[in-house]
Amino acid sequence: MKASEPFITQWQSPSNIALVKYWGKKGFQLPSNASISFTLDACHTTTRLAATPGDLHLSIRVNGKEQPSFLPKIEQFFKHISELFPALKNFNYSIDTSNTFPHSSGIASSASGMSALALCVVDLLADLNEESFSPELASNLARIGSGSACRSVYGGLAEWGKHANFTGSSDEYAIPFTGYDEVFNSFHDDILIVHEGSKSVSSTVGHSLLNGHAFATQRFEEAEKNMSRMKAILHSGDLDDFVDLVEREALMLHALMMTSTPSFILMKPETVAIIDAIRADRIEKGHHICFTLDAGANVHMLYPEKDAHYANELITSKLVDYCENGRYIRDRIGRGPKRIHA
Ligand code: PMV
């Protein structure tokens, strides 16, 4: 970088959907249990970072408009990462970001947003000769911004959290999960938007309610086992077992919410209606369409390519009626982030 010129970089980074869920934190932004996710494709964020030498200052535009409401989270992020890399304090940052999906749609924009920003910061650190570029470092920084974001820096599947059965796994960053059966490369994720708008309880609060939760210990033990089960399923390509485990993980996440103190319910009647319809259709037709849930009311409908015609029929004949304003997003397993010429 020349002294007076800004350093500019730009990344496109996707959202992800967990198959085994992260719910509960320990220490600073470390997971209470390991998790594994599909990286998505269509749902992504593009972020351009311009860093000009000067005192630490931030401005952020979302879809071309100044968004001061996003500043506190981004300021916190820069505060934490500049403790690790003090050279980051010597810049004025101008951030331009846009999502392919509305940030109010209830789809985790923090995973794509924080991973895109972390990748830009790692480019800056490389330019400053502080660190060489690595997805692992980007994952570590993304985690500091939002836990699940650390899994978005790889294509395919990503694993986050120390687990004896996942070589090289760490609580501090995600690693790519490879060697899985080819069928998973054909997976779709149709996101049925049941409720647009922000959630009644943030995931930050949700995670904290695991402290002292009556079922926390059992959950962490079960998640540990589910990670090993999921690993075996992903290697074997056993879709019956996949469907069973993915759905139980989603419902266990929501069971934890419903049994927290205070308790809360993020599912809506339409969420349950969609779950019922997917299960009834599966029993009737013998396909492998299943559901999973994030910390919200929307339903992620997962299925392999071989079942795409069943999925289309199910959505158009039934599920679309349960979607707010008839909205759903068609997504699939993606290849991970891309650096884009700024
Ligand atoms: O990354 P956070 O802090 O928003 O937590 C997300 C947690 C879940 O989406 C519910 C599960 C997961 O593993 O992504």
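The values are calculated or read from the model by the stated rules, or taken from the named source; none is laboratory data. Keep in mind it's a predicted model, so treat the numbers as computed, not measured. Neighbour counts run over all protein chains shown; Cβ positions are idealised from the backbone, glycine included. SASA here: full protein model, heavy atoms, side chains in, ligands and nucleic acids out. Shrake-Rupley method; radii C 1.70, N 1.55, O 1.52, S 1.80 Å.
Observations
- Two-site label geometry, LYS26 and PHE264: point separation in nm, points 7 Å out along Cα→Cβ: 2.4
- In this label model, SER202 and ILE283 are separated by 4.1 nm, measuring between points 7 Å along each Cα→Cβ vector.
- In the chain, the longest principal axis of the Cα atoms and the axis of helix 109-127 are about 30 degrees apart.
- Heavy atoms of TYR180: accessible area, 1.4 Å probe, square angstrom to 10: 50
- Using just its DSSP H runs of length 4 or more, each adding -39500 (n - 2.57), the chain gives a mean residue ellipticity at 222 nm of -11500 deg cm²/dmol after division by all residues.
- Note on the chain: Rg/Rh from Cα positions, Kirkwood definition for Rh, rounded to two decimals, is 0.97.
- Alpha carbon convex hull of the stretch 7-179, projected area averaged over orientations, nm²: 9.7
- Efficiency of FRET from Cβ geometry, ALA87 and GLU224, R₀ 35 Å, rounded to 0.05: 0.35
- Between the stretch 178-231 and the stretch 284-315, the alpha-carbon center distance in angstrom: 17
- Degrees, to the nearest 10: 239-258 long Cα axis against longest axis of the chain: 70
- Debye log10 I(q)/I(0) at q = 0.10, 0.19 Å⁻¹ for the stretch 114-253, Cα point scatterers: -0.43, -1.36
- Accessible area per residue for the chain, computed on protein heavy atoms with a 1.4 Å probe, is 42 Å².
- With all projection directions averaged, the alpha carbon convex hull of the stretch 153-208 covers 6.2 nm².
- Helix 269-285 vs. the chain, principal-axis angle (Cα, 0 to 90°, nearest 10): 60
- The stretch 192-275: C-alpha gyration tensor shape, a/c 1.5 cut-off, then a/b vs b/c: oblate
- Choice from ALA116, ALA295, ALA214 with maximal GNM fluctuation in the chain (Cα, 10 Å cutoff): ALA214
- Largest first, the extents of the alpha carbon coordinates of the stretch 42-103 on the three principal axes equal 34, 19, 19 Å.
- Cα gyration tensor, the stretch 187-332 - rounded (a/c under 1.5), prolate or oblate: oblate
- Remark: the stretch 64-188 carries a charge dipole of roughly 380 debye about the Cα centre, counting +1 on each Lys and Arg Cβ and -1 on each Asp and Glu Cβ.
- Within the assembled protein chains, the solvent-accessible surface assigned to MET258 is about 80 Å², based on a 1.4 Å probe.
- In a simple Cβ point-charge model (Lys, Arg +1; Asp, Glu -1; nothing else charged), the chain has a dipole of about 580 debye relative to its Cα centre.
- Note: relative contact order over the stretch 187-332, using C-alpha pairs below 8 Å and six or more positions apart, is 45 percent.
- Largest mean-square fluctuation among VAL246, VAL153, VAL205, in a Gaussian network model of the chain whose springs join Cα atoms under 10 Å apart, belongs to VAL205.
- Rounded to 5, percent antiparallel among DSSP beta bridges of the chain: 90
- Mean separation of Cα contacts under 8 Å, 6 or more apart, over the residue count of the chain: relative contact order %: 24
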